[in-house]
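See structure below.
Just so it is clear, none of the values below were taken in a lab; they were calculated from the coordinates. Since we're looking at a predicted model, the values are computed, not measured. Cβ placement follows ideal geometry from the backbone for every residue including glycine, while neighbour counts extend to all protein chains displayed.
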Amino acid sequence: MSLEHHHRHHHHHNIFNQHKEKGDEKSPNVDYKKDLKHHKHMEHLGKLGVATATAYALHEKHQAKKDPEHAHKHKIKEEIAMTAAVASAGFALHEHHHNKQAKKEANRHHHH
């Protein structure tokens, strides 16, 4: 799938600049099931990011105790990993919101 096609197909929402893409006017040819699946998948990726970053942060915390000579370096890596975990949680929540919207749209168009 080309990048251009990808952006036309899945209207990613930039949290700082939410605008509608051309053709995003709730037209009857929108595949709501696909949109729902996409946002659900992205939410799961966000949750996976939380788990991965948290595990890495805990690893670095352990390394800081085990390697006191380089403890500062490990503590910085731990903080960066925790920041990534928080960012991933925010992304997962953002996608959860879009997932709920996609469900509403799918149900609304299914019943018309």
Describe numerically, in nm with one decimal, the distance between label points set 7 Å from Cα along Cα→Cβ at GLU105 and at ILE80. 3.7 nm
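Can you give the convex hull volume per residue for the Cα atoms of segment 33-110, as a whole number of Å³?
Values: hull volume 4.0 nm³, N = 78.
Expressed per residue, the convex hull around the Cα atoms of segment 33-110 is 51 Å³.
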How large is ³J(HN,Hα), in whole Hz, for each residue of segment 94-101 in order, when computed from phi with the Karplus curve 6.51 cos²θ - 1.76 cosθ + 1.60 and θ = phi - 60°, using x for Gly and Pro? 4, 5, 4, 4, 5, 4, 5, 5
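For the residues HIS41, HIS110, HIS94, what sequence is obtained by ranking on other C-beta atoms within 10 Å, fewest first? Present the calculation step by step, with values, prior to reporting the outcome.
Details: HIS41 12, HIS110 9, HIS94 16.
Sorted ascending by nearby Cβ count, the order is HIS110, HIS41, HIS94.
Excluding LYS100 itself, what net charge comes from residues whose Cβ is under 13 Å from its Cβ, given Lys and Arg +1 and Asp and Glu -1? Kindly include the intermediate steps, with their values, before the conclusion.
Working: positive: LYS40, LYS103, LYS104, ARG108; negative: ASP35, GLU43, GLU95, GLU105.
That works out to 0.
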Could you tell me which of the pairs LYS47/LYS103; LYS40/LYS73; LYS61/LYS100; LYS37/LYS61 are separated by over 25 angstrom between their Cα atoms in the structure shown? LYS40/LYS73; LYS61/LYS100; LYS37/LYS61
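Taking 0.36 nm per residue of separation and subtracting the Cα-Cα distance, what length does fully extending ASN29 through LYS65 add? Please list the in-between numbers first.
On the way: separation 36, 0.36 × 36 = 12.96 nm, distance 5.72 nm.
Full extension of this stretch gives 7.2 nm more.
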